[in-house]
Each structure stands twice: as C-alpha cells, then as structure tokens.
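Worksheet: one structure, shown below.
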Amino acid sequence: MTSVAHDHPHPKMSHADVTRDVVRTLETPSRGYYLALFSAVGMFLVGVATFVMLLKDGLGLAGYAPPVFWSVYITTFVFWVGIGHAGTLISAILFLFRSPWRTAVYRSTEAMTVFAVMTAGLFPIIHIGRQWIFYWLLPYPNQRFLWPNFKSPLIWDVFAISTYLTVSTTFLCVGLIPDIAAVRDKVTGWRRKLYGALSLGWTGADSQWRNYTRGYLYLAALATPLVLSVHSVVSWDFAMSIVPGWHGTIFAPYFVAGAIYSGIGMVLTLVIPLRKVLKIEHMITEYHFDNLAKLTLLTGSILFYAYAMEYFVAWYSSNIFEQTTFWRRAFGPQWWAGWSMIICNAFVSQLLWFKKIRTNLTALFIISIFINVGMWFERYVIIASSLSNDFLPYAWGQLNPTWADWGILIGSFGWFGMYFLLFARTFPVVAIQEIKEMIPMPRRKGGAH
Amino acid sequence: MTKVVSGVLGSFKHEDDAVAAIKGLKEKGFRDLTVYSAAPNHHLEAALDHPVSWVRAFTLIGALTGCAAGFGMTLWMSHDWPLLVGGKPIGAIPPYVVLAFELTILYGAMFTVIGVIVLSALKSLRGRAYRPEFSDDTIGVFVPCAADQRSSVRTFLERTGSEEVSEHGA
C-alpha cells in the first residue's frame, strides 16, 4: 500500500490510489464496525426508553428540583454544542488559513459537527417538558398572538443553533459532491445509480469548478464568524443573567475556546479508532495528530487561563456572592466535579507540550477521553454550582442527577454514534477531492510542478 | 433521450499537454471547451482564462437580505405586540444585532449555494462526452465542433499529447 510521509501532508499517491483507498472504506465493514454500531443503537434505545418515561411521568424523574432547574440536560446540551465546534473550525477556518494538514481529517470532523449539533438540538426540546409545543421558540406567534421575546439570549440561541446546523450541514453536503462523483465513477450496480443521483450531475467540468471553488470559499468565510458566534451566544445564555459565577465578560471567549477544545477531544476519540477500522492509517498519519494535538494544547491553555481568571476575578471583585460560588466550586459538596474539570482540562492538556506524547496515539486517545469527561464536568460545574447557591442562602439546594438524567445522556451518545458510524459507512470520511488537489499532476516537461 | 453534442474528446495524462492543447484550441477559435479534472487546477484555469465567478454577487445579496430580514422581523414583531421587557425600548437595536447577524450568515450561505447551482446550470453539460477516468489522474478536454471539423480537431489533440481521442455525435 502506498504510504504518505509522516512529516508532510503531501501524499505520495496518485489520484487513483486515493479514490481506490477511500472507496474501499465503503465496502463490506468489519466485525468491529458492526459491534460499534450495535452498541450505539443499544445506547440510543436506552435514551428512547428514558424519554418515553419522561413523557409519561414528567421532568420530576430527572432530578429537577428547586433551586436547580437547569440540570444535566442543559449541561449535556452545552457539551454537544461545544463538540460541534471543532468541525467548522477545521473545515472553514483552517481552509481560509490554507493549513494543508486539515484535508485528511476535516470530513470526519464536519460530519461530527453536524451530528453533534443534531444531538444538542434534542436537549432544549427534552428540557422544556412540553415537547409538543417546542415550536413556540421559533418566530411564530404563540397564545394570544404574542411573539417570542427577541431580547432574550435563549431566543438568540435558537437562531444561532438553527443557523449553525443549517450552514454546517450545507457545508458538509457541498464538500461531498465531487467526492460522491468520484465514488460513482468507481462503483457498479445500484450503488452507481445512488451515488450518481447524489452527485447532482457532477463531472468536474471547468464551469462547475469555477463556481464551486468560489462558492466553497464564501461558505468558509461565512462559517468562520458563525462558529465563533454560536458558542458566544450559548455563553450569553448564562452571562446575560446576574447569577454568581455566570455574569462574566470573559464568558464568550472562554466558551469558544472550551468548545473547540472539547470538539478536538472528540475528533481524537473518533478518528484514532476509525482510521484503524477503515484501514486508512496511511492517509491520517502522525502528522495530522501532531497538529490536532497542538491545537488542543493551544485551546487547553486558553482554558487554563480562563479558569485562573475566573477565580482571580471572584477574589479581586470583593463580591461575596462571586467569592462564595467559586469557593464552593473548589471546596463545596461537589468539589470532585470542580477538580475533575480543572485536572482534565487545564492540567492534562499541558502534557501535549511533549512531541512524544503528541505523536503517541495511545496517549492521545487516553488524553481525549479525559478531555471529553473534563468538558462535560465543566458545564456541569458552571450550571449546578451557580444555581445551587444563589443570593439567598435559605433557597440553597443541591443538584442530584437521577437515572433519567444518565439514561438520556447515554442515549445521546448512542444517537450521535449511530449517525456517525452510518455516515462513515456510506460517504467518504476522507476528502478525496482536496487530497487530489494536493497531488500535482504529472508534467511532461520538468516533472510535477 | 439526451442529444449527443457533436465534438471530439481527448484525454491527457500530463498537465502541460492539456494546457498547450487548450491554448492551441482557443487560438484556433474553439472557445466553448469543456475541461474535466479531478480537482481544481490553477494551470488549467489560467489557460481557460474565465472571468471570476458571479457567485459573490449571490453571497452579497443574500447576506444583505438576511441582515435586513433580521432587523425587519424583530422590529416589526416587537411593535406588532408592544410589550415592555426589562425596561428596554420596544424596538431595542443592540439585542437584535445578534439575530440580524445570524440571518445575515444564514441567507448569505443559502444564496451562495443557490448561486453555485444556478451559475453551474447556466452552461448545460448535457450531451457532452465524459469518461469516468476524469475523476482520477486524467484531464479531459471536450471540443464541441461540427462533424466536418472533427478530424482536424482529432489530429490536433493527438499532436498535443492526448493519449486517447474519440469523436462523438452523428
């Protein structure tokens, strides 16, 4: 099998090698794939069963109790929205920066983004309790012809997430068109007909490339501010209130860095086993993981700074409510959650200063699990600790998650995993066209340019 | 049944041969060429010398429409049922900037995709010869021409380095 150099993204392969190796990933999957798919479906069914119980008996099953009415579901919502940020960062922002290492990994991260945002979108609907009137959140007059309150960050969030899901899905689908056409030209029978229909008549003609490359560039340019805005808007769900621990101007950049950090963590968790299962180790190499790890280190260090700054601001503000909140995050009844967040996110990421760790895939995979756990705990700490201990001590309480919280959380991983695995089986997880773009065509005079 | 466009299709394994063929064909007056490649290629683009795509106009119009829709929708709906919230004006511009921004991006992206589809469809490729190998290491050049010109175009393509040449049409 042709291999690519570890220190450079420029693959020493022909165009035909690239198509052949990617088309092979769409053929009969291994037993490992089916095992992963059935596990995901099983987890999803746990979520469905829990949701049915919630519909029947109400949100009380899920540990919703005064004073904490935003609990595990909103925690998990923010977690999944965050996961969805790495995809657009890698596919759009790094595209504009012309980073060559993104080509091998961006398709799987884009797919991850779309499925993560689809997963996140379920949680506000589960959380509102009366799921059948969720459309009242949209600009649609509800009872007595009232419109939604556009001054509320919750409505900003509806617009931000819907826009993000639509634009990310569009970006993914547009990027897939030339690759689906390449697959169409290699397969036979009903698959040729299916991929032929999905390729929308793509032939790689100059008139198509001329409009496509421009359109893709503008989509990337539009997606770039969008990715930065979406988690800023999510952070304003918290920061626009006056709840201690939430009302901070650092929240938007802090959330965006955290989102990218958690997203890359999930990319590592997914792509490290995926490349082995699909036998594409020669396309996604140590070089790509080294760069992903550097990005993780950067965003992890920003998070480290943000955590330190939150504590500093609480101390420097002389505001007793802020100080109490942060004291309780570190030494209160749920200190373990607070320290899990700091250790997994701020400290573990610092291991990535070492190249040996950045290029050791086992170590990276373990670190990625710490990142996933740490980032879930970050959202749990922000939500649970601040709402548990508000301004009035007589109203203090404690969030105690129940089986219904964990059931939906497990179901969300199943729902996400199921879509991701089905995507990896049906569509090219490596961007065929962009890798081909990096492979120079042979020249009769003077070799490759 | 799609009507086959009369012309000659040549396959090139070498980029510089394809570039030379495109330039030569343009000099001979064949302007309506269709060049197939597996990925965008700036040498081919330079030889074809097409103007920049008008997709940008769609993006701009979409983004401006989205921005206007964002402010228009929020201001109109706020005044349609005036309700004082949080002591802010009925039509409060700063919070509506967020919604206008999101719709700017949304409409801009959707119009961009529409632009790519519409502009690509303006030049119909129906009936133009194509080979599956063009999605790999081969560049294809299709030259639409009358039946009596096919043999001279075939000779020219072969002379410029085309590995495989075929004639199409009645």
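Things to note:
- Dipole of chain A, positive end: most advanced residue of A:Ser235, A:Leu45, A:Phe77 [Cβ charges, Cα centre]: A:Leu45
- Length-normalised contact order of segment A:107-194 in % [C-alpha pairs under 8 Å, at least 6 apart]: 26
- Scattering profile of segment A:1-133 at q = 0.15 Å⁻¹ [log10 I(q)/I(0), Debye over alpha-carbon scatterers]: -0.93
- Taken along its three principal axes, the alpha carbon spread of the protein assembly as shown comes to 95, 59, 47 Å, from the longest extent down to the shortest.
- Segment A:95-181: chymotrypsin sites (Phe, Trp or Tyr not before Pro) in DSSP coil with no more than 15 other Cβ atoms inside 10 Å: A:Phe97
- Estimated dipole of segment A:125-271 in Debye, rounded to 20 [Cβ of Lys and Arg +1, of Asp and Glu -1, Cα centre]: 460
- Directionally averaged shadow of segment A:256-389, computed from the convex hull of its alpha-carbon atoms, nm²: 8.4
- Leading residue at positive end of dipole, the protein assembly as shown (Cβ point charges), from A:Thr359, A:Thr324, A:Cys344: A:Thr359
- Per residue of peptide B:60-68, the mean number of Cβ atoms on other chains within 10 Å of the residue Cβ is 1.
- A:Arg192-A:Ala16 FRET efficiency (beta carbon distance; Förster radius 25 Å; 0.05 resolution): 0.90
- Only alpha carbons enter this Debye calculation for segment A:370-449, each as an equal point scatterer, and the log10 of I(q)/I(0) it gives at q = 0.13, 0.23, 0.24 Å⁻¹ is -0.71, -1.12, -1.15.
- For segment A:30-134, trypsin sites (Lys or Arg not before Pro) are listed when DSSP marks them as loop and at most 15 other Cβ atoms sit within 10 Å of their Cβ; the list is A:Arg98, A:Arg130.
- For chain B, the fraction of C-alpha pairs farther apart than 30 angstrom is 43 percent.
- Point-charge dipole on Cβ atoms (K/R +1, D/E -1) for segment B:81-163, about Cα centre, debye to 20: 320
- For segment A:327-383 versus segment A:388-424, the gap between their alpha-carbon centres in whole angstrom: 18
- Relative contact order (%) - criterion: Cα under 8 Å, at least six apart; region: chain A: 33
- Summarising the label geometry, the points placed 7 Å from Cα in the beta-carbon direction at A:Cys173 and A:Trp315 lie 5.2 nm from one another.
- Stretch in chain A that is longest and holds no GluC sites (Glu not before Pro) that DSSP places in a loop and that have at most 15 other beta carbons within 10 Å: A:28-280
- Shielding by partners, peptide A:145-153 (average Cβ within 10 angstrom, other chains): 6
- Other protein chain C-beta atoms within 10 Å of residue C-beta, averaged over A:433-442: 5.
- Relative exposure of B:Met77, A:Met43, A:Met309, judged by other C-beta atoms within 10 Å (fewest first): A:Met309, B:Met77, A:Met43
- D (Stokes-Einstein, µm²/s), Kirkwood Cα radius, segment B:75-134, 0.692 mPa s at 37 °C: 208
- Alpha-carbon centroid distance for the pair segment A:88-108 / segment B:15-55, whole angstrom: 28
- Simple label model, 7 Å out from Cα along Cβ direction - A:Thr249 to A:Phe145, nm: 4.3
- Helix B:15-27 and the long axis of chain B differ in direction by around 90°, with both axes built from C-alpha atoms.
- DSSP H segments from chain A that extend 15 Å or more along their own axis, Cα-based, with Kyte-Doolittle mean of 1.0 or above: A:31-57, A:72-83, A:153-184, A:251-277, A:361-380
- The charge dipole of chain A, taken about its Cα centre with unit charges on the Cβ of Lys, Arg, Asp and Glu (plus for the first two, minus for the last two), comes to roughly 1440 debye.
- FRET efficiency, A:Trp396 to A:Lys279 (Cβ-Cβ, R0 41 Å, nearest 0.05): 0.15
- Each Cα pair under 8 Å and six or more residues apart adds its sequence gap; the mean of these over the residue count of segment B:55-121 is a relative contact order of 56 percent.
- Cβ-Cβ FRET estimate between A:Trp132 and A:Asp57, R0 fixed at 22 Å, reported to 0.05: 0.85
Quick note: the coordinates plus some simple rules give every number you see, no bench work behind them. Remember, it's a predicted structure, so these values are computed and weren't measured experimentally. Glycine gets a Cβ as well: all are built from the backbone with ideal geometry, and neighbour counts include every protein chain shown.
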